[in-house]
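Here's the structure we're looking at; comments come further down.
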Amino acid sequence: MHRHEHSANTTCGAANARRLKFPENFLWGTATAPTQVEGHVDNEWTDFIAQDGGDCRIACDHYHRYPEDIEWMSRLGVNSYRFGIEWSRLQSAAFAPLNQHELARYLDVLDRLRAAGITPMVVLHHFSNPPWIHSGGGWLNPQTVAAFVDYVGKLVAALKERVQLWNTFNEPDTYAALAYVLGAYPPRRKWQLGQFRQIIHHMARAHEQASRIIRRDGVATREPQVGIAKNWTFFHAYRRFSPWDRLTASLCHYTFNKFVLDAFLGGGRRQASTFIGLNYYGRVRFHHFSAMIPAGGAPVKRLQDFGFVCDDMMERYPEGLGKILAYFNLRLRLPIYITEHGAASADEQFRERDLLNYLAVLGGAIARGADVRGFYYWSLVDNFEWQFGYSKKFGLLSVDFSDKALPRAMKPLGEIYRQVCRENSIRLSSPDIHSPHPG
Ligand code: FCB
């Protein structure tokens, strides 16, 4: 993979002072996950009923409609697509051969992407497991590591001609926390911090072994690239001098950021990855021990009274992106992909401001030397947002879930993103846009 000449391409030229250009060959993409869009999955989410009463059984029916969805991607002008391959479709038992019918479908997805000039980034684990893994204890069971590595080996042999970018685990921290600490994802356990740590250790071991196989056997025309996607959330105390809220924030930072990053990328493990994926949405502030975010149940009106800017999930904190990119650059010295950012809201103007604010910070960080190779908007379509069901609207495209035909339509933000992708730059004209922060 070529290296970007970031500093040469990202400064605003004098003749073009209000434009922030991104590096040549920058990947502008969008992202989805199998359970959230495909429908017809048989995993631990199949019987899960979300807070809005929804389930993932049909979702966006991307399983059947991927040709149409890839056409939509072409209309959006993205040159990359980050999507998951659902393990439960491909193996019926540990060490079983791959299901050829399901494999053929994924090969067709990849061929259509290639024909559309869209580079795939394949995610191997995104919050879901085959039923036989789940019933065997999931990632608490050390044997899951060998089963996963076997699966990855078979998949790599089948896909290596078509895939160069491999994302082993999506947000292992979120998965282990929501499933074993906060009780929101199956198996809905609470406060099992020992189990949280064990899952992270097993996944980190699986990442290391899977990476070795991908890098050894995945070579076709170009060197394969491998990394995890780490969700990074900033945890702060609302009042700087509240010792208890500061302690809560520090414990969260230690557990969900530092411990996880060390497990996957500390010491010798660093060699396993050729890039780091960063999923970045924003910040959680604590006030009297409670997390001040809509996703944690804090009333939006109350958050507004506090002066917080939030989408339907999290507090917005674009300047944090500059900080975390500087930290990753310094600590990891690996190429970075922003594997997810997005905002859920019915207010498209809010989402436009949000996107441009984050991209302004991103462009500024690249201009100062951060080696960022791509950005993936979460998400291509409105979809099944795990415990929240269909109530969170993250899509560049809408889906009318009340219509059996599940028609897609371009949203205003899709048009904005199309311009960004086509022009490989953003206009810095809005007074709302934050100036890029130093890291
Ligand atoms: C990330 C997940 C993704 C989606 C977005 C909103 O944590 O990776 O599946 O839920 O958040």
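How many percent of DSSP beta bridges within the chain run antiparallel, rounded to 5? Write out the running numbers ahead of the final one.
On the way: 12 of 50 bridges.
Bridges in the chain are about 25 percent antiparallel.
Ignoring ligands, DNA and RNA, what percent of the 1.4 Å accessible area of the chain is carbon and sulfur? Write down the numbers at each step before the final one.
Working: 8900 of 17170 Å².
The computed percentage sits at 52.
Count neighbours as other Cβ atoms within 10 Å of each site's Cβ, and list the trypsin sites (Lys or Arg not before Pro) in segment 272-368 that are DSSP loop with at most 10 such neighbours. Kindly include the intermediate steps, with their values, before the conclusion.
Values: sites: R283, R285, K301, R302, R316, K323, R331, R333, R351, R353, R368; in loops: R333, R368.
Filter output for segment 272-368: R333.
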How much accessible area per residue does segment 323-409 have, counting only protein heavy atoms and a probe of 1.4 Å, in square angstrom?
29 Å²
Can you bin segment 123-184 into rounded, prolate or oblate? Criterion: square roots of the alpha carbon gyration tensor eigenvalues sorted a ≥ b ≥ c, rounded for a/c under 1.5, prolate for a/b above b/c, oblate for the rest.
oblate
The percentage of Cα-Cα pairs in segment 90-159 separated by more than 17 Å is 48 percent
Can you give the FRET efficiency for Q100 and D262, using 1/(1 + (r/R0)^6), R0 = 41 Å, r = Cβ-Cβ distance, to the nearest 0.05?
0.55
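Which three semi-axes in whole Å describe the equivalent ellipsoid of segment 232-377, each the square root of 5 times a Cα gyration tensor eigenvalue, listed largest first?
Working: eigenvalues 140, 86, 28 Å².
Calculated on Cα positions only, the semi-axes equal 26, 21, 12 Å.
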About the Cα centre, and with charges only on the beta carbon of Lys, Arg (+1) and Asp, Glu (-1), how big is the dipole of segment 332-428? Nearest 20 debye, please.
280 debye
Please report, in whole Å, how far the alpha carbons of segment 384-431 spread along each principal axis, starting with the longest.
39, 24, 17
Run the quick spin-label model on L107 and A157: label points 7 Å from Cα toward the beta carbon, then report their separation in nm to one decimal.
1.4 nm
Rounded to whole Å, sorted largest first: equivalent-ellipsoid semi-axes of segment 313-390, Cα gyration tensor
25, 14, 11
Among H62, Y175, Q271, flag the residue with its Cα farthest along the positive direction of the charge dipole of the chain, charges on Cβ as +1 for Lys/Arg and -1 for Asp/Glu.
Q271
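Run lengths n ≥ 4 of DSSP H only: what is the helix-derived mean residue ellipticity at 222 nm for the chain, with -39500 (n - 2.57) per run over all residues, to the nearest 500? Provide the component values of the computation, followed by the final result.
Details: 15 runs with 169 residues, N = 439.
Value at 222 nm, helices only: -11500 deg cm²/dmol.
Dipole magnitude of segment 25-74 about its Cα centre, charges +1 at Lys/Arg Cβ and -1 at Asp/Glu Cβ only, in debye to the nearest 20? Before the final figure, lay out the partial values.
Working: 2 positive and 10 negative charges, 32 e Å.
The calculated dipole for segment 25-74 is roughly 160 debye.
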Using the C-alpha atoms of the chain, what convex hull volume per residue, in cubic angstrom, is computed?
137 Å³
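What is the dipole size for the chain, taken about its Cα centre, with +1 at each Lys and Arg Cβ and -1 at each Asp and Glu Cβ, in debye to the nearest 20? Walk me through the numbers on the way to the answer.
Numbers: 51 positive and 43 negative charges, 291 e Å.
About 1400 debye.
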Can you give me the orientation-averaged projected area of the convex hull built on the Cα atoms of segment 117-258, in nm²?
10.3 nm²
Cα centroids of segment 246-296 and segment 134-176: how far apart, whole angstrom?
22 Å
Using a Gaussian network model of the chain with C-alpha springs under 10 Å, which one of D150, D262, D173 is most mobile by mean-square fluctuation?
D262
Which of L251, L27, L359 moves the most in a Gaussian network model of the chain with Cα springs under 10 Å?
L251
For the chain, modelled as a Gaussian network with Cα springs under 10 Å, which listed residue fluctuates most, H134, H125, H341?
H134
With point charges of +1 on the Cβ of Lys and Arg and -1 on the Cβ of Asp and Glu, referenced to the Cα centre of the chain, which listed residue (M292, C252, L397) lies farthest in the positive direction of the dipole?
C252
Residue-by-residue Karplus 3J(HN,Hα) for segment 393-400, coefficients 6.51, -1.76, 1.60, Hz, glycine and proline x
9, 9, x, 7, 10, 8, 10, 8
Which of A370, I213, A93 sits closest to the plus end of the dipole of the chain, meaning its Cα is farthest towards the positive end, when Lys and Arg get +1 and Asp and Glu get -1 on the C-beta?
A370
Taking amide H positions as placed in the peptide plane 1.01 Å from N, state which residues far from T119 in sequence (5 or more) or on other chains have amide H under 5 Å from it.
S80, Y81
Potential lengthening between N141 and L251 on full extension [0.36 nm per residue; Cα-Cα distance subtracted]
37.0 nm
Using a 1.4 Å probe and ignoring any ligands, DNA or RNA, find the accessible area of C310 and quote it in Å² to the nearest 10.
30 Å²
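The values are calculated or read from the model by the stated rules, or taken from the named source; none is laboratory data. None of these values were measured; they are calculated from a predicted model. FYI the Cβ positions are ideal-geometry reconstructions off the backbone, even for glycines, and counts take in every protein chain you see. For accessibility, only protein heavy atoms count, side chains too; no ligands or nucleic acids. Shrake-Rupley method; radii C 1.70, N 1.55, O 1.52, S 1.80 Å.
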